[in-house]
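What follows is a set of notes on a single structure, which appears directly below.
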Amino acid sequence: QVQLVESGGGLVQAGGSLRLSCAASGSIARINGMGWYRQAPGKQRELVTTITSGGSTNYVDSVRGRFTISRDNAKNTVYLQMNSLKPEDTAVYYCNAVALAVGGVRYRDYWGQGTQVTVSS
């Protein structure tokens, strides 16, 4: 199995910054794409950003230019640097990895437990 553990959430004032980390561990054969999703109260979970194993990135329009995703393949870790935070960025942020477990026959989606990000105005 593959486990994802997030860290780095918290409370910050508007305009501030936070950095989230997500480390994958367990019986990992290979990790393909990784990414971050978020879910605000009363809303559906939405994609924020993704990064391929080769480093290609994609962002939702609302965070482009403010958020930066990166990954360390040697550590099976993905990061999310969030700058110029806005109250509307308040949500639970979830890490996602598309990974092949040792002994597995197909890639699967794995999720972290979520970390709360709260931006005060």
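The values are calculated or read from the model by the stated rules, or taken from the named source; none is laboratory data. These figures come from a predicted structure and were not determined experimentally. Virtual Cβ from ideal backbone geometry, glycine too; neighbours counted across all protein chains shown. Just the protein is used for accessible areas: all its heavy atoms, side chains included, with ligands, DNA and RNA removed. Shrake-Rupley method; radii C 1.70, N 1.55, O 1.52, S 1.80 Å.
Do we find that L4 is within 24 Å of T118 (Cα to Cα), of a type outside the set (F, W, Y) and touching a Leu at 6+ places or on another chain (Cβ under 7 Å) in this structure?
no
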**OP:** Starting from residues that are more than 10 Å from the chain's Cα centre (by Cα), surrounded by 13 or more Cβ atoms within 10 Å (Cβ to Cβ) and not basic (K, R), keep the ones in the range 63-72 and report whichever is nearest to G33 (Cα to Cα).
**Re:** T68
**OP:** Have a look at Q39, Q116 and point out the one that is touching a Gly at 6+ places or on another chain (Cβ under 7 Å) and surrounded by fewer than 16 Cβ atoms within 10 Å (Cβ to Cβ).
**Re:** Q116
Original post:
For the range 12-28, what are the residues that are in a strand (DSSP E or B) and either open to solvent by less than 60 Å² (accessible area, probe 1.4 Å) or touching a Ser or Thr at 6+ places or on another chain (Cβ under 7 Å) (or both)?
Top reply: V12, Q13, L18, L20, S21, C22, A23, A24, S25, G26, I28
Original post:
For N96, are the conditions met, namely being modelled with pLDDT of 95 or more, on the phi > 0 side of the Ramachandran plot, surrounded by 17 or more Cβ atoms within 10 Å (Cβ to Cβ) and not basic (K, R)?
Top reply: no
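Based on this model, can you work out whether A91 counts as at pLDDT 95 or above and open to solvent by less than 50 Å² (accessible area, probe 1.4 Å)?
Considered against the rule, which asks whether it is at pLDDT 95 or above and open to solvent by less than 50 Å² (accessible area, probe 1.4 Å), A91 comes out as yes.
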